[in-house]
Amino acid sequence: MEKEVIHLEKIVKNYKIGSIIVEALRSVSLVIRKNEFVALMGPSGSGKSTLMNILGCLDTPSSGSYMLNGEDVSKMDDNSLAEIRNRQIGFVFQTFNLLPRSTALENVMLPLIYAGVAKAKRVEKATATLTEVKLTDRMEHKPNELSGGQRQRVAIARALVNNPSIILADEPTGNLDSKTSIEILGLLEDIHKMGNTVIIVTHEEDIAEHAHRIIRLMDGKINSDEPNKKIKTIADYHFNGA
């Protein structure tokens with residue numbers, strides 16, 4: 001059995017809005033192992049965005065423990081969390097979050113700059129990663145010179161470049177047309193096959209069906225956590241003529 005990458009134990013997250021306490025997460029316990037492909041689902045207000053922020057070390061829980069690769073990150077300060085994020089978590093956002101005045105290569109090099117990697121090595125690693133996502137001929141292009149799918153490929157390359165423990169994709173196809181969405185899902189499948197742990201946060205069933213395990217949240221709790229018995233792959237779309 002693969003080692004645990006994520007271990008949440010009785011995670012609670014409360015927000016205070018005026019005099020009201022909002023319970024966003026209510027005693028969530030969860031284990032995700034290396035090389036799992038997980039979809040995190042739930043309607044608006046279910047707690048899935050809060051859980052994603054905690055998994056991504058963008059926020060800390062009110063109580064409970066979060067072990068990331070055996071390290072308790074639940075009580076770390078902001079600087080320590082920033083270091084963990086850069087080293088261990090690759091983010092892919094719906095809105096790409098690319099620097100508009102920087103080239104694709106410069107955008108992908110950004111996490112390596114924060115990690116203190118020497119310039120020659122930065123260029124080498126970023127070039128290799130952009131090649132992996134089939135953007136060899138677009139490295140010197142800025143985001144406004146790229147299609148939506150190409151921009152998301154740059155974002156995925158940026159997420160991969162530091163060899164993180166987790167790829168955390170928040171609605172990664174939300175701003176893309178259906179054909180480009182299929183291509184991006186195929187790329188995430190390939191990343192998973194290479195041994196990466198992939199977590200997709202989505203509200204769309206057909207996106208979640210690509211994951212091997214589907215976790216559904218409701219009212220701040222895990223409502224169900226089951227293996228996906230009918231995993232959809234890119235081959236299914238070609239088979240259907242999509």
Completion exercise
Helix 148-160: inclination vs the chain longest Cα principal axis, degrees, rounded to 10, gives 70
Practice task
Equivalent ellipsoid semi-axes for the stretch 1-80, as square roots of 5 times the alpha carbon gyration tensor eigenvalues: give them largest first, rounded to whole Å.
Solution key: 23, 16, 10
Completion exercise
Contour minus Cα-Cα span, Ile17 to Thr136, at 0.36 nm per residue, comes to 38.0 nm
Fill in the blank from the handout: Per the rule of 0.36 nm per residue minus the C-alpha distance, extending Lys230 to Glu205 adds in nm 7.8 nm
Problem - Euclidean distance of C-alpha centroids, the stretch 35-90 and the stretch 195-233, integer Å - result: 17
Exercise for the section: Measure off 7 Å from each Cα along the Cα-to-Cβ vector at Ser80 and His212, then give the distance between these two points in nanometres to one decimal. Expected result: 3.2
Practice task
Of the options Ile166, Ile20, Ala235, report the single residue whose Cα projects farthest towards the positive end of the charge dipole of the chain (beta-carbon charges: Lys, Arg +1; Asp, Glu -1).
Solution key: Ile166
Completion exercise
Tilt, helix 104-114 to longest principal axis of the chain (alpha-carbon atoms), in degrees rounded to tens, equals 50
Fill in the blank from the handout: The residues Ile11, Ile20, sorted from fewest to most surrounding Cβ atoms within 10 Å, come out as Ile20, Ile11
Practice task
Compare the peptides 107-118, 161-172 by average per-residue count of other Cβ atoms within 10 angstrom and give them in order, highest first.
Solution key: 161-172, 107-118
Practice task
Would you calculate, for the chain, the mean residue ellipticity at 222 nm contributed by helices, counting each DSSP H stretch of 4 or more residues as -39,500 (n - 2.57) and dividing by all residues, to the nearest 500?
Solution key: -10000 deg cm²/dmol
Exercise for the section: List, in the order given, every pair from Lys125/Lys230; Lys179/Lys221; Lys179/Lys230; Lys125/Lys229; Lys75/Lys119 whose Cα-Cα distance in the structure shown is over 30 Å. Expected result: Lys125/Lys230; Lys179/Lys221; Lys125/Lys229; Lys75/Lys119
Practice task
Out of all DSSP beta bridges with both ends in the stretch 76-225, state the antiparallel percent to the nearest 5.
Solution key: 30
Completion exercise
Simple SL model, points at 7 angstrom along Cα→Cβ for Lys221 and Lys193; separation in nm is 4.0
Problem - Diffusion coefficient, µm² s⁻¹, Stokes-Einstein with Kirkwood Rh over alpha-carbon pairs of the chain at 10 °C and 1.306 mPa s - result: 86
Exercise for the section: Report the dimensions of the stretch 171-217 along its three principal axes from the alpha-carbon atoms, largest first, rounded to Å. Expected result: 27, 27, 13
Exercise for the section: Just need log10 I(q)/I(0) for the stretch 106-233 at q = 0.10, 0.12 Å⁻¹, Debye formula, equal scatterers on the alpha-carbon atoms, no solvent, rounded to two decimals. Expected result: -0.36, -0.51
Handout entry: Backbone HN-Hα couplings from phi across the stretch 174-186 [Karplus 6.51/-1.76/1.60, Hz, Gly and Pro as x]
Key = x, 10, 10, 6, 5, 5, 5, 4, 4, 4, 5, 4, x
Handout entry: Segment Glu2-Ala128, length gained on full extension (0.36 nm per residue, minus Cα span)
Key = 42.6 nm
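Every number here is computed from the coordinates shown, using simple stated rules; none is lab data. Just so we're clear, the structure is a prediction, and the values are computed from it rather than from any experiment. Cβ coordinates were reconstructed from backbone atoms using ideal geometry, including for glycine residues, and neighbour counts include every protein chain displayed.
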